[in-house]
Amino acid sequence: MSRATDALERLLSIMERLRGPDGCPWDREQTMRTLRPYVLEETYEVLEAIDSGDPREHCEELGDLLLQIVFQAQLAKEEKRFDFADVAEAISNKLVSRHPHVFGDAQVKDAEGVLRQWAALKRAEKKAKGGGASVLEGVPREMPALARADRLTEKASRIGFDWPDPGGARAKLTEELAELDAALEAGDADALEHELGDVLFAAANLSRKLGIPPEEALRGAVARFISRFGHVERELARRGIPHGEATLAEMDSLWNEAKDLERQAKTDAVPQSQGSPHTLGKDRG
């Protein structure tokens, strides 16, 4: 623990120096509001580092995210609100209080039991502070809407407000798509926005029921779109066709070619002992 303690103390002292009278002009100008975008940016960069599988990059990006915590704690210390020690102590206390099966005498059977216990303890804590009336409390409004939909439906499911299996959630998606079609046929702009939102929400709920984080599923779809469209652009350039002059049929053909190449790459990556390419690596897009 001494190495970690020394490293953290060094980081805190550096941050204090940067904010000091003879510190960095840029750092001295920052406020809680100006730091907001950096917290999000660094969080997304951590996610990218996780996906990259590069431990050095992951370590570096975690450091950048830690800097945002240390920076905000330093600002709060200067305002005499709290400091980094308060932050660390608060999360330590929370971890101990919400794990009575580890630090106390409570008994839970599995991970699902841990989640139910965590939710109950969290509601009790919020009620003690004057809140906690709804199980949906605590989901930040600033979250991306798709991830927020996932989190809200997960919270509602903890008190039984949920489909018993993915089939119910899939049927709900079909229902919402039919209502979207009706709004489209009617040409009602307000209804279209409403029904499209319901479709996206239903899709997020189905994703949760399938055990697939919807934000990650969409990130994967976006990555595939970028990859396939890149193939379209490269092939058009190779053929000497400028942007905007290719026909939709030509671009669609190249798009399907990109999908075939992906499918073939997946097939080639599957060891023969694991099964037939007809049953493995199926295209999901």
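The values are calculated or read from the model by the stated rules, or taken from the named source; none is laboratory data. If you're wondering where the values come from, they're calculated on a predicted model, not measured in any experiment. Here Cβ is always computed from backbone atoms with ideal geometry, including for glycine, and neighbour counts include all displayed protein chains. Side chains included, ligands, DNA and RNA excluded: accessible areas come from the protein's heavy atoms. Shrake-Rupley method; radii C 1.70, N 1.55, O 1.52, S 1.80 Å.
Which pairs, out of LYS77/LYS129; LYS209/LYS259; LYS172/LYS209; LYS122/LYS155; LYS80/LYS127, put more than 18 Å between their alpha-carbon atoms? The pairs that break the limit, which is 18 Å between Cα atoms, are LYS77/LYS129; LYS209/LYS259; LYS80/LYS127. Grab the beta carbon distance between ASP190 and GLU257, set R0 = 45 Å, and tell me the FRET efficiency rounded to 0.05. With R0 = 45 Å, the Cβ-Cβ based efficiency is 0.65.
A Förster distance of 22 Å, applied to the separation of the beta-carbon atoms of PHE225 and VAL139, puts the FRET efficiency at 0.20.
Using a Gaussian network for the chain with springs between C-alpha atoms less than 10 Å apart, which of these wobbles most: SER97, SER134, SER253? Of SER97, SER134, SER253, the Gaussian network model singles out SER253 as fluctuating most. Ordering VAL70, VAL96 by accessible surface, largest first, gives VAL96, VAL70; the 1.4 Å probe counts only protein heavy atoms, with every chain in place. Ligands, DNA and RNA are left out, and with a 1.4 angstrom probe the accessible area of region 104-175 is 67 Å² per residue. Calculated FRET efficiency, CYS59 to ALA88, Cβ-Cβ distance, R0 = 25 Å: about 0.80 to the nearest 0.05.
Each label was represented as a point 7 Å from its Cα along the Cα-to-Cβ direction; for ASP110 and THR31 these points are 5.1 nm apart. In the chain, the longest principal axis of the Cα atoms and the axis of helix 145-157 are about 70 degrees apart. For the chain, the longest principal axis of the alpha carbon atoms and the long axis of helix 32-52 meet at an angle near 60°.
Ranked by the mean number of other Cβ atoms within 10 Å per residue, highest first, peptides 152-158, 222-228 order as 152-158, 222-228.
Every Cα-Cα pair of region 1-64 was included, and the share exceeding 19 Å stands at 51 percent.
Count charges around GLN117 for me, please; just the other residues with Cβ under 12 Å from its Cβ, Lys/Arg as +1, Asp/Glu as -1.
+4
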